[in-house]
Amino acid sequence: MEKLILDNGLRILLLPVAGARSASVGVWVAAGSRHEEAGEQGISHFIEHMLFKGTARRSARALSEEMDRLGGSVNAYTSKEYTRYYAQCLAENAAGALDILCDMLVSSRLDGEEMERERGVILDEMAMYEDSGEDVAHEALCAAVWPGSPLGRTILGLPETVSALTPDDLRRYMRRHYTPERMVAAVAGGFDREAVLRVLRETLGALPQGAGAPVLDAPAFTPALTLKPKEFEQTSLCLAMPGLPAGDPRRYAMSLLNFIVGGGASSRLFQRLREELGLTYSVYSAAYAGKGAGLFTVAASFSAGQQEQVLSEILAVLRGLPGTITEDELERARAQVKASFILGLETAAAQASYAGRNELLEGREIPPGEALAALDRLTRADVDGLAAALLQDPRRALSVAGDVKAPAFYDPFWKM
């Protein structure tokens, strides 16, 4: 990988693949829901939508048609930490696809009429998530665990904040956050190096440098119970405990622990609750690592009448895990995590994504060999030690959406 830093702070990552007939181009911007003020919740996601609605040089239709002529596709998504814009195309058209992305980032019109139309789309998207028990439970959990922190806010925002945003609000936010020192451009696969660099220097490379990334808060974990009565066919829950922040050296042990707890079909949660007892439609664990804070969660969806047994069995699995991980479990987890990692880097798009995210969040390249070596070094004691530290932590939070019971019913399941 070749890394260049332009005078205005823009970081460029070039990952050529010999003989590749396709290319992946992308730009990461350190502007996500964690960077929003209280009155502008949802603005990062709104901007992501609006950048597809036309620029000074191209209409929304022209953006789509030109990308089609390049044999490409373009997409974007917003997270808590960043927004990513990316495209895949034929190798010979990498510079052209990158020019489209950069045009969107540098000269989007942010038209008022287009914004009104897109506002309705985003409000519909919010309503769709309100129909998902797992999403409702998870969003409520984050808000309760990190009260008052941007980390606890939903990426989509609130209906009242999204309804009040104006084109000028979007422009001000972009001037503040869409600055070159907070961007990473990555190109992988087959491409003309000089043509790609010329596009980047003439577009993102011409942007004025900003004030740099703001210091993000690192909120403490707040034990909490959140109940959301909803008329869902199934009830969903999310149980959380403090996890590991981004960059924690134990993150590789966390990947194995997560797989053992609930990351696959052979995991303890899936085998016990789904296969042996047939209690849940879905059950799994997940680890979130943000800057300064992390979460380890268990989520499940089930028939409302099974709540007590589902919660009891989840806690039994968690309590019974520290000190009992077997060598067979460890090796199965290691094999699956390594396979997922290796297979996930087989394409140019995956390599660009891996490199761009590491540069933005870690500030450095993490060679695949480094990650694989770290996974190979892990012992059962490493994973068991992390299991004890996380799963025996008395701080817990529980969120339930659907056919909820009285708060006192849940006390034995989250108050440790």
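The figures follow:
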| item | result |
| --- | --- |
| Long-range HN-HN contacts of Ser132 with modeled amide H, under 5 Å | none |
| Euclidean distance of C-alpha centroids, region 358-393 and region 134-158, integer Å | 26 Å |
| Contact order relative to length of the chain, as percent, for alpha carbon pairs under 8 angstrom and 6 or more apart | 22 percent |
| Within straight-line cross-link reach of Lys230, lysines at Cα separation under 25 Å, skipping those fewer than 8 residues along the same chain | Lys405, Lys415 |
| Phi to ³J(HN,Hα) by Karplus 6.51 cos²θ - 1.76 cosθ + 1.60 over region 199-215, Hz, x for Gly, Pro | 4, 5, 5, 7, 10, 5, x, 9, 6, x, 5, x, 8, x, 6, x, 6 |
| Carbon + sulfur, % of accessible area of the chain - ligands and nucleic acids excluded, 1.4 Å | 52 percent |
| Accessible surface, region 92-157, averaged per residue in Å² (probe 1.4 Å) | 40 Å² |
| Calculated log₁₀ intensity ratio I(q)/I(0) where the Debye formula runs over C-alpha points of region 64-114, q = 0.15, 0.20, 0.23 Å⁻¹ | -0.46, -0.76, -0.91 |
| Area of Phe341 that stays accessible when all protein chains are in place (1.4 Å probe, Å², to 10) | 50 Å² |
| Contour minus Cα-Cα distance for Ala38 and Ala18 (0.36 nm per residue) | 2.5 nm |
| Helical contribution to [θ] at 222 nm, DSSP H n ≥ 4, -39,500 (n - 2.57), averaged over the chain, rounded to 500 | -13000 deg cm²/dmol |
| Projected area averaged over orientations for region 259-325, convex hull of C-alpha atoms, nm² | 5.0 nm² |
| Coordinate range along principal axes, alpha carbons of region 100-146, Å, largest first | 38, 22, 17 |
| Alpha carbon centroid spacing (whole Å) that separates region 275-293 from region 200-216 | 38 Å |
| Dipole magnitude (debye, nearest 20) for region 329-416, charges at Cβ of Lys, Arg, Asp, Glu | 280 debye |
| When region 1-124 is reduced to its Cα atoms, the Kirkwood hydrodynamic radius in Å | 15.7 Å |
| Rounded to the nearest 10 Å², the accessible area of Thr203 at probe 1.4 Å | 30 Å² |
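The values are calculated or read from the model by the stated rules, or taken from the named source; none is laboratory data. Fair warning: this is a prediction, and the values are worked out from it, not measured in the lab. In this analysis, Cβ positions are derived from the backbone assuming ideal geometry, glycine residues included, and neighbour counts consider all displayed protein chains. Ligands, DNA and RNA are stripped out before the accessible areas are found, and what is left, the full protein with its side chains, is counted by its heavy atoms. Shrake-Rupley method; radii C 1.70, N 1.55, O 1.52, S 1.80 Å.
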